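J.: Okay, handing you the structure first.
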Amino acid sequence: MHPFREKTPLRRPDRAKCEHYSSYLKTLREDFTQRCGYCNDLDNYRIRSFTIDHFVPQKPIGFKTTIAPNYYYNLVYACRYCNTSKTNKWPTNDEKVHNDGSRGFIDPVKQEYTDLYKRTKSGRIVPVDDKNALAHDIIAELKLWQPIHERMWKFEKIDRLIEQIELRLSKVKDQAAKEVAEAIHYKLLKSWREIQKGIFVDND
């Protein structure tokens with residue numbers, strides 16, 4: 001198993017107020033380290049698919065919220081998969097109650113959210129505690145089970161390995177060692193391209 005993510009994002013304190021929430025996009029991208037707050041997908045490979053999500057929805061189903069649309073500390077940098085899946089869902093019908101322990105959400109800037117999940121060997125997002133109803137509910141509501149998130153995790157991991165091997169190849173002088181490294185590099189590139197096809201073709 002692997003950790004769900006390496007770092008928990010944090011909204012910067014005392015962010016100057018903007019008239020429209022869209023003006024926060026650049027700041028949010030920085031605060032969320034260029035990753036979706038919910039699934040942790042990196043935006044480097046599909047930045048146009050990232051947007052701003054209102055953690056407590058602007059138009060929640062069943063009640064009206066008093067939280068201003070441009071309140072920075074209710075905003076989440078999110079990929080379109082998670083943003084579209086979450087939409088206006090808010091099961092507790094109370095903006096101050098994020099979840100009831102079995103249904104609802106957890107603000108992704110909380111360590112509690114990071115600790116809720118882990119990754120399988122293939123990168124699939126699963127609960128740390130399989131008996132945790134809230135963890136399962138969030139996976140279902142955000143559709144964190146979608147293959148795209150597993151593929152993005154693999155894609156990033158292999159991309160890092162390729163960079164490391166290329167750096168070593170530039171320094172290796174022993175021919176035998178260089179041939180071994182080149183063979184590994186070739187296999188990784190092949191896997192990388194297959195995953196790339198799954199991301200950019202199947203999800204076009």
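Quick note: the coordinates plus some simple rules give every number you see, no bench work behind them. Keep in mind the model is a prediction, meaning the values are calculated, not measured. No Cβ is skipped: glycine too gets one built from the backbone with ideal geometry, and neighbour counts run over all protein chains shown.
J.: Can you work out ³J(HN,Hα) from phi for every residue in region 79-84, in order, using Karplus 6.51 cos²θ - 1.76 cosθ + 1.60 and θ = phi - 60°, giving whole Hz and x for Gly and Pro?
T.: 6, 5, 5, 6, 4, 5
J.: Shifting gears a bit: Expressed as a rounded percentage, what relative contact order does the chain have, with Cα pairs under 8 Å and six or more residues apart?
T.: 19
J.: Right, something else. For the pair Lys7/Thr87, report the inter-label distance in nm, with labels modelled 7 Å from Cα in the Cβ direction.
T.: Rounded to a tenth, the inter-label distance reads 3.4 nm.
J.: Would you look at the GNM of the chain, springs on alpha carbons closer than 10 Å, and say which of Lys86, Lys154, Lys26 moves the most?
T.: Maximum among the listed residues: Lys26.
J.: A further question on this structure: Compute, for region 66-105, the length of the dipole vector about the Cα centre, with Cβ point charges of +1 (Lys, Arg) and -1 (Asp, Glu) only. Units Debye, rounded to 20.
T.: 180
J.: Let me ask something else. Using 0.36 nm times the number of residues separating His136 and Arg160, minus their current alpha carbon distance, what extension gain do you get?
T.: Extending this stretch completely gives an extra 5.6 nm.
J.: Can you list residues whose amide H is under 5 Å from Phe55's amide H, if they're 5+ apart or on another chain and H is modeled 1.01 Å from N?
T.: Residues meeting the criterion, in which the H sits 1.01 Å from N, are Leu75, Val76.
J.: Can you tell which of Pro57, Pro127, Pro13 shows the greatest fluctuation in a Gaussian network model of the chain with Cα springs below 10 Å?
T.: Evaluated over the chain, the most mobile residue of the options is Pro13.
J.: Something else: If you take every residue apart from Glu30 with its C-beta less than 12 Å away from the C-beta of Glu30, what net charge results, scoring Lys and Arg +1 and Asp and Glu -1?
T.: Here the charged neighbours net out to +4.
J.: Looking at the chain as a GNM with Cα springs under 10 Å, which of Thr66, Thr92, Thr33 has the largest mean-square fluctuation?
T.: Evaluated over the chain, the most mobile residue of the options is Thr66.
J.: Oh, and also: Give the calculated FRET efficiency between Val97 and Val126 to the nearest 0.05, with a Förster radius of 30 Å applied to their Cβ-Cβ distance.
T.: Calculated transfer efficiency: 0.70.
J.: So for the pair Lys64, Lys187, with labels modelled 7 Å out along Cα→Cβ, what separation do we get in nm?
T.: 6.2
J.: Shifting gears a bit: Under the rule of -39500 (n - 2.57) per DSSP H run of 4 or more residues, summed and divided by the residues of the chain, what mean residue ellipticity at 222 nm is obtained, to the nearest 500 deg cm²/dmol?
T.: -12500 deg cm²/dmol
J.: Further, regarding this structure: Among Lys89/Lys143; Lys121/Lys187; Lys96/Lys143; Lys143/Lys187, which pairs are too far apart, with a Cα-Cα distance over 20 Å?
T.: Lys96/Lys143; Lys143/Lys187
J.: Ok, one more. Count the net charge of all other residues whose Cβ sits under 11 Å from the Cβ of Arg103, scoring Lys and Arg as +1 and Asp and Glu as -1.
T.: -2
J.: Place a +1 charge on the Cβ of each Lys and Arg in the chain and a -1 charge on the Cβ of each Asp and Glu, then give the dipole magnitude about the Cα centre in debye, rounded to the nearest 20.
T.: 320
J.: For Lys118, which sequence-distant residues (separation of 5 or more, or a different chain) have an amide H within less than 5 Å of its own amide H, given hydrogens modelled in the peptide plane?
T.: Val126, Val128
J.: Where does the charge balance sit around Met1 when Lys and Arg score +1, Asp and Glu -1, over other residues with C-beta under 11 Å from its C-beta?
T.: Net local charge, Met1 excluded: +4.
J.: Could I have the simple spin-label model distance between Glu30 and Tyr73, label points 7 Å from Cα toward Cβ, reported in nm to one decimal?
T.: Between Glu30 and Tyr73, the simple spin-label model gives 2.0 nm.
J.: What residues qualify as long-range amide H neighbours of Trp90, i.e. H under 5 Å apart, gap of 5 or more or another chain, H built at 1.01 Å from N?
T.: For Trp90, the qualifying residues are Ile61.
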